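I have placed the structure first, in the form of structure tokens, so that the comments after it can refer back to it.
The values are calculated or read from the model by the stated rules, or taken from the named source; none is laboratory data. Note that the structure is predicted; figures quoted are calculated from it, not measured. Cβ coordinates were reconstructed from backbone atoms using ideal geometry, including for glycine residues, and neighbour counts include every protein chain displayed.
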Amino acid sequence: MFLRPTQSPTVFLQQLGRGLRKYKDKAYLNVLDFIGNYKKANLIPFLLSGKDYNKLESKNNKQGDYEYPEECVIDFDFRIIDIFKNQVAKEMKIKDRILEEYKSIKEDLGHRPSRVELFINMDNEIYENIRSNSNLNPFINYMEFLNEMKS
């Protein structure tokens, strides 16, 4: 059982590595991480994947986007996944959030959303940001916005 609070991703990985050392009578390791450092909690899936650090990739990937070592089972509570998503959303620029929202709505609907469908399905927080910034408002010139999405 590995249970140590830490606020440092480096220390977390070092401590986890110690727990993963092979011993004669040890078949597996249980890790309970209560995420003492919420500011960087969304990096945990990335850190466990063993990938080389890339700031953009570590922020943009979702928990399910990573491949973990064979026989390694990682199970995040749904509340933690929501924390990961919220942190990534806060770090994204509003323009990127609009593009991600469009892609998500398009995927959910199964087709390119009409202006009305985008409006109806858009997250309220993103919509409020758009209203206060007319330069980024896709509803003003929806055809131009769609052309940007193609490129």
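Miscellaneous remarks
Residue-wise test of (1) in a helix (DSSP H, G or I); (2) more than 30 Å from ASN133 (Cα to Cα); (3) modelled with pLDDT under 65.
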| position | (1), (2), (3) |
| --- | --- |
| GLN15 | yes, yes, no |
| LYS26 | no, yes, no |
| LYS39 | yes, no, yes |
| TYR53 | no, yes, yes |
| GLU70 | no, yes, no |
| VAL88 | yes, no, no |
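- Residue in segment 112-130 that is closer than 30 Å to GLY17 by Cα and part of a helix (DSSP H, G or I) present: no
- Which numbered condition ARG97 misses (of (1) of a type outside the set (A, V, I, L, M); (2) modelled with pLDDT of 75 or more; (3) touching a Gly at 6+ places or on another chain (Cβ under 9 Å)): (3)
- Per-region count, segment 97-111, residues loosely packed, with under 13 Cβ neighbours inside 10 Å and part of a helix (DSSP H, G or I): 3
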